[in-house]
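Please read the structure below before turning to the comments.
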Amino acid sequence: MTDLTNNRLQELTLEFPARYNQFDLLNSLLSKDKTTNPTAIALVGQTSSGKSCVLRRFLQEVQFSHTWLSCDECVTLRVLLQRILAALRAIGTQDPNNLDYSIMCHNSTLFVTQLNDTLRALALEEAHFVVLDRIDELGEPYESFYQLIIKIGNMLRYDGITFILVSSGSEPRSSVTTTFPHIYFPPYSKAESLAIVRKESPDSIRSMLGSTERKLSDLQLSSLWSSYTQVIIDTYFPLYGPDIQQLKAIVRRVFPTYAKPVSDGVVGILASNRNYHAFVKLYKINQPLLTSEEFVRNSFVSYVQGAGAAESAGHHDMPMYAKYLLCAAYLASYSKSRYDIRLFSRIRESRRRVRNTTKHKFKDKINSRNLAPSPFEYERLLAIFQCIVPDRIDSVTDIQTQVATLSTLKLITRVGIGGDSSGGSSIDILGSRTKWRVNVSWDIILQISRDIRFQIENYLID
């Protein structure tokens, strides 16, 4: 067991809100005794749920010997295996960062053999941890590596090494029932997101404002920042969900404009908590800034104009759940409903392959992605969305508003709508039987799915 006491765990929780259970599990599972550690553990959860930050802080606190590898920098699995061996062989050398990449590792069998030789040469007295961060962003499918990690415990002849897999995406289907421990990082709630966003020092807040005409005290800045972050979370959390990076980007982008009336002296902020009337006045002045739809429209236009524009725009163009909804719409348009149980059901028996006894006719088949998208019902869209989203959706998230926004942006289009005798629409646009069609190409949907770590190609049958 490690030496972290309950009081120290509480202190770490103040630094990382809502992550006490995760620190406690790491504290219970990992130790310097190489004979008591599991062969591997997995840290899973959505993007921006604190997996890498919590793990890095824990390893720093307990001072465990470890090697940190970023899998998104590895093009192939072969490169990753080569880096693991090179990093392990550099342990105890004068320059651990000077890695020898001359080691050849063509397959998993050779990797296990060389790993045994490396562990025998190291003769580790204490446990060493190999952190494979962003394993889901490896340049090629990583299912074979998961299978290797599951079986590697029976292949190693020497103790002392533990693999820690950090993943933001779903595990491979063939590895759902794994034997090594998993630590789950749930998405942050609204209150937890607010507490994280508010953790800014007065100096950091001043740097966001830049040069101002009026100098504000630390108490005034703290009071202004507290009310401002509350407004931002109340406004954008139902759309963007628990994506902390996205929420922080919005907070930093809007704050200079939001605080300009205070900097110009139009609104006065007291150095106390009695600022209700000032905050109401400030909110009314900035209400068009918070309710304008141009921010959504302009940001997505730059996203679809090309690869270069998309890379410069980054990952803050659409809400996370809107991206899942768009992926669900694409799957609903380009996959037949009779395959839904096979593709999206979480029951293992439903995915069993059924042997096709019919005679195959030799004819050319057209890829479904080259055809026009098929219409689908709204309730089928929601059913697929619930299956592909990795976590339970927060109750404050307004899914129907995001569907309406996708419709406004013409990313999904309504089909088969008739009019009544009075000239108005006779069908509710968000009714369960309303039919829709996706209006996004494969290249764009593939890029969007990569943003949310969703392997959409695994859910399509060509």
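The values are calculated or read from the model by the stated rules, or taken from the named source; none is laboratory data. Everything quoted here is computed from the prediction, not taken from an experiment. A quick note on method: Cβ atoms are made from the backbone with ideal geometry, for glycine too, and the neighbour counts reach across all protein chains shown. SASA here: full protein model, heavy atoms, side chains in, ligands and nucleic acids out. Shrake-Rupley method; radii C 1.70, N 1.55, O 1.52, S 1.80 Å.
What is the sum of charges, Lys and Arg at +1 and Asp and Glu at -1, for the other residues whose Cβ falls under 15 Å from the Cβ of GLU125?
Values: positive: LYS32, LYS34, ARG120; negative: ASP33, GLU126, ASP159.
Neighbourhood net charge equals 0.
Order these peptides, 324-331, 257-264, by their mean beta-carbon neighbour count within 10 angstrom, highest first.
Values: 324-331: 26.0, 257-264: 17.1.
Top to bottom by mean Cβ count within 10 Å: 324-331, 257-264.
Order the following by accessible area, largest value first: GLU61, GLU379. Probe radius 1.4 Å; ligands, DNA and RNA are ignored.
On the way: GLU61 55, GLU379 80 Å².
Accessible-area ranking of GLU61, GLU379, largest first: GLU379, GLU61.
At a 1.4 Å probe radius, which order do CYS387, CYS53, CYS105 fall into by accessible area, largest first?
CYS53, CYS387, CYS105
Whenever you get a sec, line up TYR228, TYR101 from highest to lowest accessible area (probe 1.4 Å, protein heavy atoms).
On the way: TYR228 0, TYR101 105 Å².
Highest to lowest solvent-accessible surface, that is TYR101, TYR228.
Compute the length gained on full extension between ASP391 and TRP442: take 0.36 nm times their separation in residues and subtract their Cα-Cα distance, giving the result in nm to one decimal. Could you put the intermediate results ahead of the total?
Values: separation 51, 0.36 × 51 = 18.36 nm, distance 2.51 nm.
Result: 15.9 nm gained on full extension.
Excluding ligands and nucleic acids, what accessible area in Å² is computed for ARG252 using a 1.4 Å probe, to the nearest 10?
Here the residue's solvent-accessible area equals roughly 110 Å².
Using a 1.4 Å probe on the protein heavy atoms only, what accessible surface does ARG414 show? Give it in Å² to the nearest 10.
100
With the cut-off at 30 Å, tell me which of the pairs LYS281/LYS323; LYS248/LYS336; LYS32/LYS190; LYS51/LYS284; LYS190/LYS284 have Cα atoms farther apart than that. Don't skip to the answer; put the middle values down first.
Working: LYS281/LYS323 35 Å; LYS248/LYS336 39 Å; LYS32/LYS190 37 Å; LYS51/LYS284 38 Å; LYS190/LYS284 23 Å.
Cα-Cα > 30 Å for LYS281/LYS323; LYS248/LYS336; LYS32/LYS190; LYS51/LYS284; rest within.
State the volume of the convex hull built on the alpha-carbon positions of region 6-185, expressed per residue in Å³ and rounded to an integer. Please list the in-between numbers first.
Numbers: hull volume 21.7 nm³, N = 180.
Hull volume over Cα atoms, normalised by residue count, gives 121 Å³.
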